[in-house]
Amino acid sequence: MLVYDQDTQAYLSEVLAKTIGMGLLQELIDGLHYLAHYAEERGKQEGFVVRTTLWKDFAPLSFRFTHEITRDGETWESWLSGGLIYEGPDVPADGSFPSLTVSVGSNGKPGWRVHT
């Protein structure tokens, strides 16, 4: 389950509009889908329910996330956190500004990568 607040919803709408213009909408959808469904499937295997909370990240077109788990449906605890980070021509994943992240094996292809 993917959850976010109104501020994140507004940011997501902005990012979606930009990705359409860049021809990268499917890449963003794939990244969000992977982020949510990887956790859900892992939770099923291990016997817990997972919710993924999404927020705006400081890096352009990027998000931060937290996976939380519950076994009783009431008490949530942090499980894993990280970012769904955009990498592209103006946002290299070489450790420099503006993303301050490094991506291995992406060959500079524009898109979103999960970083934990």
Selection from the range 60-77 of residues more than 12 Å from the chain's Cα centre (by Cα) and closer than 30 Å to K18 by Cβ yields P60, E68
Of the residues in the range 42-59 that are under 24 Å from L12 (Cα atoms) and of a type outside the set (F, W, Y), the one that is farthest from the chain's Cα centre (by Cα) is V50
If we keep only residues of the range 65-116 that are under 17 Å from L32 (Cα atoms) and among the aliphatic types (A, V, I, L, M), then the residue modelled with the highest pLDDT is L84
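The values are calculated or read from the model by the stated rules, or taken from the named source; none is laboratory data. This is a predicted model, so every value here is computed, not measured. We place every Cβ from the backbone using ideal geometry, glycine too, and count neighbours over all the protein chains shown.
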